Amino acid sequence: MNDQALIVSIPLLPQGLASLNEIEDNLIDAIDSAGVGEFDGNEIGPNGSILYMYGPNADELMRVVVPVLRRLGLPSGCSMSIRYGEPGAPETVVMLD
């Protein structure tokens, strides 16, 4: 059951940084290879993007996801919400920079 979540908020990506497709492809590969959950999609808006990932253990998912995000050199202002339960459960937000 995938009842825990990581939700990553990325402000607009400046020129020269990884594209959203590149970020998603790297996350999908890492999550699938580690067998810790799934990349579920994104929301793209005028102020940036939100990436959704789910798995049975948010800490294990985070252990795989954070190094990928750091390696890709995301812009400052990125944050990650960590939810240890179904939608509506309390969330912890951490800054990724």
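Give the residue, chosen from Tyr52, Tyr84, that is aromatic (Phe, Trp, Tyr), touching a residue at least 40 places away in the same chain (Cβ under 8 Å), surrounded by 14 or more Cβ atoms within 10 Å (Cβ to Cβ) and within 19 Å of Ser19 (Cβ to Cβ). First the steps, then the outcome.
Numbers: Tyr84 fails: within 19 Å of Ser19 (Cβ to Cβ).
Going through Tyr52, Tyr84 in turn, the sole match is Tyr52.
Right, Val94: under 21 Å from Ala34 (Cα atoms) and without any contact (Cβ under 8 Å) to a residue 40 or more places away in the chain or not? Talk me through it step by step, then tell me what you get.
Working: under 21 Å from Ala34 (Cα atoms): no; without any contact (Cβ under 8 Å) to a residue 40 or more places away in the chain: yes.
Considered against the rule, which asks whether it is under 21 Å from Ala34 (Cα atoms) and without any contact (Cβ under 8 Å) to a residue 40 or more places away in the chain, Val94 comes out as no.
Select from the stretch 62-97 the residues that are within 11 Å of the chain's Cα centre (by Cα) and small (Gly, Ala, Ser) and write down the one among them that is nearest to Tyr52 (Cα to Cα).
Taking the candidates together, the pick is Ser81.
Kindly evaluate Ile23 against the criterion of being under 17 Å from Leu96 (Cα atoms), without any contact (Cβ under 8 Å) to a residue 60 or more places away in the chain, out of contact with any helix residue (DSSP H, G or I) (no Cβ under 8 Å at 6 or more places or on another chain) and aliphatic (A, V, I, L, M).
no
Across the stretch 32-75, which residue is modelled with the lowest pLDDT among those that are hydrophobic (A, V, I, L, M, F, W, C) and over 18 Å from Leu96 (Cα atoms)?
Ile44
Answer yes or no as to whether Glu91 is at pLDDT 95 or above, under 15 Å from Asp3 (Cβ atoms) and surrounded by 12 or more Cβ atoms within 10 Å (Cβ to Cβ).
no
Being at pLDDT 95 or above and at negative phi is the requirement here; does Ile28 meet it?
When the stated conditions are applied, Ile28 passes them.
Give me the pairs: first residue in the stretch 56-74 and more than 14 Å from Asp29 (Cα to Cα) and among the charged types (D, E, K, R), second residue surrounded by 15 or more Cβ atoms within 10 Å (Cβ to Cβ) and at pLDDT 95 or above, beta-carbon distance under 7 Å, and six or more apart or on different chains, which are they?
Pairs found: Glu60/Val36.
The values are calculated or read from the model by the stated rules, or taken from the named source; none is laboratory data. All values derive from a computational prediction rather than experimental measurement. Backbone-built Cβ (ideal geometry, glycine too); neighbour counts: all protein chains shown.
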